[in-house]
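The values are calculated or read from the model by the stated rules, or taken from the named source; none is laboratory data. In this text the structure is predicted, and so the values were computed from the model without any measurement. Glycine also receives a Cβ, built like all others from the backbone with ideal geometry; neighbour counts cover every protein chain displayed. Only protein heavy atoms, including side chains, enter the accessible area calculation; ligands, DNA and RNA are left aside. Shrake-Rupley method; radii C 1.70, N 1.55, O 1.52, S 1.80 Å.
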Amino acid sequence: MKKINELFDVKEDFKVVSIHSDSRYVGKDSVFFCVDGLSVDGHRYIEDAIFQGAKCIVYSKPIPYKHPHILYIQVNDVLDELNRVADIFYDNPSYKMSMIGITGTSGKTVVALMIYDILSQLLKMGYIGTNDIKYAGRIIQCPYTTPETIFLHRHLNEMVKNDVKGVCLEVSSHGLALKRVDGVHFNIGIFTNIYEEHLDFHGTMEHLMTSKEKLFQLLDSHGYAILNTDSVRFYMDVKDKIHSHVMTYGIKHTADIMAKNVQLFIDHSEFDLLVKDETYRVSVPVLGHFNVSNILAVVAALIVLDMPLSQIIEAIGQIKKVDGRMELLSHPYPFHVIVDYCQHVTSYRKVFQFARSVCKNGRIIGVFGAPGKRNYSKREEIGKLANEYLDQVILTAEDIRDEDINEVCQDIQKHITKPLSVIIEDRRIAIEQAIEIANKDDIILILGKGHEQFMTSTIGHEPYPGDKYIALNAIQKIYSQGEEDEI
């Protein structure tokens, strides 16, 4: 709780119990911020907020009627004011912990959770991102990759109360563009990569890059920007705009931390780690060149945090799998199943390339679909990619929303000319069918859902067991039955 004159330069001194930007959650003695969002303008809900107990309204547009006994504060930008006030209301939580922000088209979750897992062995850590919110033994559902300002600061404050010392926060381009982290004090900013994705929101590649750059502009002179030199365009554009320290990593282009002589295997990767003119041969349980790059980002962050290099090398050699991110499922049978979130066309290409590079004698079987009401060009692009890399394709449901599953799958299938492709609308049956037809040395790629245990439909999120659970159950059912038959 705060007094109103602690939050604003006003003479009134009444108590403020809560702050809100959604009128549905406004309560007694609260401040309501009239945020003009993408689809909803908060100014339309001023009367609702007052009816539910708001004593102060922060607004930027003309208001037709003002109630007596209600404090109205007009500002130029409500989001800017919301960030400033949220930080004060929740006692400046980001200044009391080491804040590590990770941005990029892909790799945010992997890098954030790897750093979180390694540091959690040494101190109390928090994580906020696509998978969920984690701290002090709690797991809380996160509504967005980067949550809205009030939600974010409230949970950062709870982390402080639970003695959390550091937080890994996924920072999406949407979150940056919508000013969700403008009130956060970052110590470290990490950039993974950037592809031509999310242009339905950002419009142009330049606008997307500008959004990503914002994270590094939030760093002060004591902070560290960790940049991927292999994303040449972004690196060259941002490096001279940063006021903090800079550390770089890369595989193809010169950097402070590099990976050379990379060897990829179905269950791990090996490479020479170059740090400070020293070379160390390392083996890490991650799959694909892109995850080797993610490992370098993790190494850079740990070096900045003063972890001894010997300890870092030991830690990355035993790094935990991240659920649904190039996750090789563990089972005793002579074929391989990989589950991956795989949200972008570039990610599909990289997963397919990895599978082709390690598949020596078997087939590559892809199980995937495309989300409804989203990025229609993606359907054509992943269909064409299947021609280059896959031997068999099972097209199925993936967050179909209110589109017809069969029609979405047909949109992909009409671009698949080389591998055999079939449509099995029920994702559970599609996965089971892929397991059923697997032969020795085959690689099954189950893509698009990753860790998610829901399907998005017209009525919201519907329960779904998850790709990993369904695949392992299918393996158990199919192969234990076979063993019983042999007996």
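Looking at Lys260, Lys241, Lys252, which one is surrounded by fewer than 20 Cβ atoms within 10 Å (Cβ to Cβ), in contact (Cβ under 8 Å) with a residue 24 or more places away in the chain and not aromatic (Phe, Trp, Tyr)?
From the options Lys260, Lys241, Lys252, the qualifying one is Lys241.
Can you pull out the strands (runs of 3 or more DSSP E) entirely within segment 409-471 that have at least 1 residues that are touching a helix residue (DSSP H, G or I) at 6+ places or on another chain (Cβ under 8 Å) and surrounded by 14 or more Cβ atoms within 10 Å (Cβ to Cβ)?
In segment 409-471, 420-423, 443-447, 454-457 are the strands (runs of 3 or more DSSP E) which contain 1 or more residues that are touching a helix residue (DSSP H, G or I) at 6+ places or on another chain (Cβ under 8 Å) and surrounded by 14 or more Cβ atoms within 10 Å (Cβ to Cβ).
Any residue in segment 297-316 that is open to solvent by less than 30 Å² (accessible area, probe 1.4 Å), closer than 30 Å to Phe335 by Cα, aliphatic (A, V, I, L, M) and under 25 Å from the mean Cα position of the chain (by Cα)?
Yes.
Please specify each residue of segment 333-367 satisfying the condition of being of a type in the set (A, V, I, L, M, F, W, C) and under 16 Å from Glu432 (Cα atoms).
If the condition is that a residue be of a type in the set (A, V, I, L, M, F, W, C) and under 16 Å from Glu432 (Cα atoms), then Phe335, Val337, Ile338, Val339, Ile364, Ile365, Val367 are the ones that fit.
Out of segment 200-229, which residues are under 14 Å from Ile190 (Cβ atoms), part of a helix (DSSP H, G or I) and aliphatic (A, V, I, L, M)?
Of everything in segment 200-229, just one residue is under 14 Å from Ile190 (Cβ atoms), part of a helix (DSSP H, G or I) and aliphatic (A, V, I, L, M), namely Leu215.
Look through Ala370, Ala386 and report the one residue that is within 20 Å of Ala434 (Cβ to Cβ) and either open to solvent by 40 Å² or more (accessible area, probe 1.4 Å) or touching a helix residue (DSSP H, G or I) at 6+ places or on another chain (Cβ under 6 Å) (or both).
On inspection, the qualifying residue turns out to be Ala370.
Report yes if Glu403 is open to solvent by 20 Å² or more (accessible area, probe 1.4 Å) and in a helix (DSSP H, G or I), otherwise no.
no
Which of the residues that make up segment 34-81 are surrounded by 17 or more Cβ atoms within 10 Å (Cβ to Cβ), among the β-branched types (Val, Ile, Thr) and within 19 Å of Lys15 (Cβ to Cβ)?
Within segment 34-81, Ile50, Ile57, Val58, Ile73 qualify.
Among what's in segment 237-275 and is in a loop (DSSP other than H, G, I, E, B), out of contact with any His (no Cβ under 6 Å at 6 or more places or on another chain) and among the hydrophobic types (A, V, I, L, M, F, W, C), pick the residue that is nearest to Asn187 (Cα to Cα).
Selected residue: Ile242.
Can you name every residue in segment 95-114 that is assigned to a helix (DSSP H, G or I) and out of contact with any helix residue (DSSP H, G or I) (no Cβ under 6 Å at 6 or more places or on another chain)?
The answer is Tyr95, Lys108, Thr109, Ala112, Leu113.
Any idea how many residues of segment 355-395 are at negative phi, of a type outside the set (A, V, I, L, M, F, W, C) and out of contact with any Asp or Glu (no Cβ under 6 Å at 6 or more places or on another chain)?
Of the residues in that region, 17 qualify.
Only one of these is surrounded by fewer than 22 Cβ atoms within 10 Å (Cβ to Cβ) and over 30 Å from Glu314 (Cα atoms): His207, His153, His222. Name it.
Every option except His207 fails the conditions.
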